[in-house]
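**Q** Pasting a structure here, questions to come.
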Amino acid sequence: MKLIRFGNPNQEKPGLLLTDGRRIDVSGFGSDYDEAFFGGDGLERLKAWAAANATTAPTVDASVRLGPCIARPSKIVCIGLNYADHAKESGMDIPKEPILFFKATSSLVGPNDNVVIPRGSEKTDWEVELAVIIGKKASYVSEASALSHVAGYALHNDYSERAFQLERGGQWVKGKSCDTFAPLGPYLATPDEIGDPHKLNLWLKVNGITRQNSSTAQLIFNVPQLISYVSSFMSLLPGDVISTGTPPGVGLGFKPPIFMKPGDVVELGIEGLGESRQVAVAWS
Ligand code: ZN
C-alpha cells in the first residue's frame, strides 16, 4: 500500500495512492496515520478496509495538496554521515558508530510545499534521504528482528542550515529543525512495495542540475543496524521516523559551497518512493 495524506496544512485527511494511479479518500476508515494507527495494527486493518471499499471511496483530485504522509510523530531521529563519500565531502571521519541527532517534529511539511529559508540564513542546504517509519514499539530490538518493526519507507529531504548547524555551538539540531525543513512523502510505501531497502537509487536536482545521485546500497549502517542501534538508547514509537542519512552532493560539499536562495527549485526522488519538489522562499 501507498499511504498519502491530503488537504490543507494541519487539516490533512488520510488517503491511499492506488496501483492505477488514483488517489482515494480513506476518511471512512476512521483514523489518521498516527501513533495509535501504526501501533494498533492499522496497516492490516486499512488493507482489509481498502479491499472492501477502495473502488467506491471518493477520488481525490490530482490538484489537491499532499501533506506529510504521516501525522506528526513523537520524534524524527536522523543519522549523520552515513554515506562514506558524504563524510569525506564534509571533511569528517567515517563514523565508527551511527551519529544520531534530532529534527524538531514541527519541521514536518508536505512533499511539495515551499521550503522557507529561515530568518538570517545564508547556508540553507539540501539532503535527499531514505526515511524509515516505525510500525511497532522498538526497545532493545535485535538486528535480526528489526525489520519487523518497520511500517514503511518514504522520501525525505533533510534540509539543513549549515551555519546554524556547525557555527553556532552545541548540537546539530539548531540547523535541522527550522519550519518546513522536513518534507516527507509523497507517500509511505509499505515494505512489500519496495522489497530490499538497500538497493534503491536516490537523487536530487537543484534548478534542474543533478547534485546527488547514489544508492542506498552505499549506506554505512543499514536499516536493521540503525533500528537496533537507536532502540538501544530510546524507545522508538509507532509512527516515529528514522532518516538514514544523505549521499554526497550537498551544497556544503562543493568548492566553493552552493547554498540556496529564494526561487531555487529542488526536486528529488527515490526508486519506488516517488518524487517531491520544493520551491525556496524567503522567510517573512
Ligand atoms: Zn541528513
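**Q** May I ask for the distance between the Cα centers of segment 112-142 and segment 74-93, given as a whole number of Å?
**A** 12 Å
**Q** Treat the count of other C-beta atoms within 10 Å as a stand-in for reagent exposure and order 179, 158 from fewest to most. Present the calculation step by step, with values, prior to reporting the outcome.
**A** Values: 179 14, 158 26.
By the 10 Å Cβ count, ascending: 179, 158.
**Q** With respect to the cross-link table entries 2/255; 96/199; 2/176; 199/261; 2/136; 205/255, which display a Cα-Cα separation exceeding 29 Å?
**A** Details: 2/255 39 Å; 96/199 22 Å; 2/176 27 Å; 199/261 32 Å; 2/136 18 Å; 205/255 18 Å.
Beyond 29 Å between Cα atoms: 2/255; 199/261.
**Q** Continuing with this model, one more query. Based on the Kirkwood radius over alpha-carbon pairs, what is the Stokes-Einstein translational diffusion coefficient of the chain at 20 °C with 1.002 mPa s viscosity, in µm²/s?
**A** Values: Rh = 18.8 Å.
It comes out at roughly 114 µm²/s.
**Q** Where the centroid of each part is defined by its Cα atoms, how far is segment 146-199 from segment 219-284 in Å?
**A** 4 Å
**Q** Within 10 Å of each residue's Cβ, count the other Cβ atoms and sort 198, 86, 156 from fewest upward. Present the calculation step by step, with values, prior to reporting the outcome.
**A** Details: 198 15, 86 25, 156 32.
Going from sparsest to densest Cβ surroundings: 198, 86, 156.
**Q** Given R₀ = 41 Å, what would the calculated FRET efficiency be for residue 94 paired with residue 55, taking r from the Cβ atoms and rounding to 0.05? Present the calculation step by step, with values, prior to reporting the outcome.
**A** Values: r = 51 Å, r/R0 = 1.23.
The calculated FRET efficiency here is 0.20.
**Q** With the Cα gyration tensor of segment 192-283 giving a ≥ b ≥ c as the square roots of its eigenvalues, does the rule (a/c under 1.5 for rounded; else a/b larger than b/c for prolate; else oblate) give rounded, prolate or oblate?
**A** On the way: a/c = 1.89, a/b = 1.71, b/c = 1.10.
Verdict is prolate for segment 192-283.
**Q** Given the Cα-Cα distance of residue 65 and residue 198 and 0.36 nm per residue of separation, how much length would full extension add, in nm? Write down the numbers at each step before the final one.
**A** Details: separation 133, 0.36 × 133 = 47.88 nm, distance 2.99 nm.
Residue separation times 0.36 nm, minus the Cα-Cα distance, leaves 44.9 nm.
**Q** Still on this structure, I have one more. Between exposed GluC sites (Glu not before Pro) in the chain, where DSSP calls loop and at most 15 other Cβ atoms lie within 10 Å, what's the longest gap? Could the numbers behind the result be given before it?
**A** Numbers: sites that count: 122, 167, 271.
The longest such stretch corresponds to 1-121.
**Q** Quote to one decimal, in nm, the extra length available between residue 41 and residue 84 on full extension: 0.36 nm per residue of separation minus the C-alpha distance between them.
**A** Contour length minus the Cα-Cα distance gives 11.8 nm.
**Q** Oh, and also: Relative contact order for segment 143-259: what percent, with Cα pairs under 8 Å and sequence separation of 6 or more? Write down the numbers at each step before the final one.
**A** Working: 128 pairs, mean separation 28.6, N = 117.
Computed value for segment 143-259: 24 percent relative contact order.
**Q** Considering only DSSP states other than H, G, I, E and B, which trypsin sites (Lys or Arg not before Pro) in segment 77-112 qualify as loop sites with at most 15 other Cβ atoms within 10 Å? Before the final figure, lay out the partial values.
**A** Working: sites: 88, 96, 103; in loops: 96.
Those that pass, being in a loop and sparsely packed, are 96.
**Q** If you don't mind, another one. Mind pulling the angle between the C-alpha long axis of helix 42-53 and the longest principal axis of the chain? Nearest 10 degrees, somewhere in 0 to 90.
**A** Relative to the chain, helix 42-53 is tipped by roughly 50 degrees.
**Q** Let me have the 222 nm mean residue ellipticity of the chain computed from DSSP H runs of 4+ only, each contributing -39500 (n - 2.57), with the sum over all residues rounded to the nearest 500.
**A** On the way: 7 runs with 44 residues, N = 284.
Result for the chain, helices only: -3500 deg cm²/dmol.
**Q** With +1 on each Lys and Arg Cβ and -1 on each Asp and Glu Cβ, and nothing else charged, work out how big the dipole of segment 2-53 is about its Cα centre, in Debye to the nearest 20. Before the final figure, lay out each step's value.
**A** Numbers: 7 positive and 8 negative charges, 49 e Å.
That gives segment 2-53 a dipole magnitude of about 240 debye.
**Q** Related question: Dipole magnitude of segment 76-282 about its Cα centre, charges +1 at Lys/Arg Cβ and -1 at Asp/Glu Cβ only, in debye to the nearest 20? Don't jump to the answer; show the numbers that get you there.
**A** Numbers: 17 positive and 22 negative charges, 91 e Å.
Dipole magnitude for segment 76-282 comes out near 440 debye.
**Q** I would also like to ask the following. Taking Cα pairs under 8 Å and at least six residues apart, what relative contact order does the chain come out at, in percent?
**A** 25 percent
**Q** How would 100, 17, 236 line up from fewest to most surrounding beta-carbon atoms within 10 angstrom? Don't skip to the answer; put the middle values down first.
**A** Working: 100 16, 17 22, 236 26.
Neighbour counts put them in this order, fewest first: 100, 17, 236.
Taken together, the values in this text are just the output of simple stated rules run on the coordinates, not laboratory data. Quick caveat, the model's predicted, so the values are computed rather than measured. Positions of Cβ are generated from backbone atoms using ideal geometry, with glycine treated the same way; all protein chains shown enter the neighbour counts.
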